[in-house]
Amino acid sequence: MNNKIWIAWETQRRSLELANYLGCKLYIFDISGYLRYPVCILKTIPLLLFLKADIVFVQNPSIVLAALACFCTRITKTRLVVDRHSNFRLNKPQSGSFPIWLFMRFHYYSLRSADLTIVTNKFIADLVTKSNGKPVILPDKLPEFHNFNQVNLRGEINILYIASFGLDEPVREVIEAFSLLDMTNCCLYITGNYKKRSDYLPVKIPERVIFTAFIPENDYPGFLMESDIIIVLTKSDHCMLCGCYEAVSVGKPLITSNKIVLRDYFRGAFFVDNEPESIGSGIKTVLSDISGYTQKTLSMKNDIEQKWQTHYRNFLQNINSL
């Protein structure tokens, strides 16, 4: 299949990497504000109905994009693959308000209607199967960083906590853990827009905690490269984290949450509970053997790359069977 297109309504590294690897022409409509959905729908419908692609890939989120693509490709008889790497409302209510009800209707419709649904792990694949969908497992490809800007971080030791200030992230706990360390030569950098949850933060923020806010794309790899440890945490179960892939890609010691899906895939990481004492203890342990945990990450990187190629070969077999 030579004519492949990939459509996304958000800019996410996963789509950028996979679309490039598959040789898809990529269309990203990353629009914010009240007109987001009308504008994205109007830009997407002509692609789905008139572009005559052999196969269409769409990113979910957005659930609206996935449902729209299912409807349009039914008309054109085009094969549709939905990259459903998240957006399953795990650990969240699945009934109640009208928006949740509507989400679940789109959810089941897209799972049943897509020719193939890409997921990141077996637990999610089983959910797709139970909904009468056809899943295929393909974790994120380790990203590659080129042509980025160098950055200078302030501390003798620098810890990067990759966060977006989502509800599943223990940001307060990380700051409290850092406060317990009492290390004057160490700085903690926290990514993301802290204003989204400023009321959740501790009243007293240590001087050596630095909120980066949004980091430009050309600067972000520099933060990864210059950090001594990278922390990526979630309170959610069965959730793969982009920051973990990024830490492994640059060969940095990784501290992440003690969740089954993360333990299974990122076996060379140091796992902690989402509590200040556990996080602080993890930081101390990794700092006591930076070189050792760096080697674990490099070994893990080689293992993940091999596993990804195995998943990718199986994924291509599923694509060809369409």
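Quick notes on this structure:
- Any chance N158 is touching a helix residue (DSSP H, G or I) at 6+ places or on another chain (Cβ under 8 Å), modelled with pLDDT of 95 or more and either surrounded by 15 or more Cβ atoms within 10 Å (Cβ to Cβ) or in the same structural domain as L22 (by TED's automatic domain parsing) (or both): yes
- Hey, T310 within 23 Å of K141 (Cβ to Cβ), loosely packed, with under 13 Cβ neighbours inside 10 Å and over 19 Å from the mean Cα position of the chain (by Cα) or not: yes
- Conditions (1) farther than 28 Å from L241 by Cβ; (2) of a type outside the set (S, T, N, Q); (3) surrounded by 16 or more Cβ atoms within 10 Å (Cβ to Cβ); (4) touching a strand residue (DSSP E or B) at 6+ places or on another chain (Cβ under 6 Å); number of the one not met by L65: (1)
- Flag if D237 is surrounded by fewer than 18 Cβ atoms within 10 Å (Cβ to Cβ) and under 14 Å from N121 (Cβ atoms): yes
- Close pairs (9 angstrom Cβ cut-off, 6 or more residues apart or separate chains): at positive phi in the stretch 130-156, among the hydrophobic types (A, V, I, L, M, F, W, C) and surrounded by 17 or more Cβ atoms within 10 Å (Cβ to Cβ) anywhere: N132/L111
- Test: residue in the stretch 175-192 that is crowded, with 18+ Cβ neighbours inside 10 Å and closer than 30 Å to H107 by Cα: yes
- Filtering the stretch 19-35 to residues that are without any contact (Cβ under 8 Å) to a residue 12 or more places away in the chain and either over 19 Å from D140 (Cβ atoms) or among the aromatic types (F, W, Y) (or both) leaves S32, G33, Y34, L35.
- Taken over the stretch 251-264, residues that are surrounded by fewer than 22 Cβ atoms within 10 Å (Cβ to Cβ) and out of contact with any Asp or Glu (no Cβ under 9 Å at 6 or more places or on another chain) amount to 3.
- Assessment of the stretch 35-49 against the conditions (basic (K, R), farther than 14 Å from A114 by Cα and part of a helix (DSSP H, G or I)) yields at least one matching residue.
- If you go through the stretch 92-110 and pick out every residue that is in a helix (DSSP H, G or I), surrounded by 11 or more Cβ atoms within 10 Å (Cβ to Cβ) and modelled with pLDDT under 95, you end up with 9.
- Condition check for N152: surrounded by fewer than 16 Cβ atoms within 10 Å (Cβ to Cβ) and polar (S, T, N, Q): yes
- Residue within the stretch 14-29 that is assigned by TED's automatic domain parsing to the domain that holds F103, modelled with pLDDT under 90, touching a helix residue (DSSP H, G or I) at 6+ places or on another chain (Cβ under 8 Å) and surrounded by 14 or more Cβ atoms within 10 Å (Cβ to Cβ) present: yes
- Scan of the stretch 121-155 for residues that are within 23 Å of V174 (Cα to Cα) and in contact with a strand residue (DSSP E or B) (Cβ under 7 Å, 6 or more places away or on another chain), ordered by number: L153, R154, G155
The values are calculated or read from the model by the stated rules, or taken from the named source; none is laboratory data. What you see is a predicted model; the values in this text were computed from it and never measured. Reconstructed Cβ throughout: ideal geometry from the backbone, glycine too, with neighbour counts over all protein chains shown.
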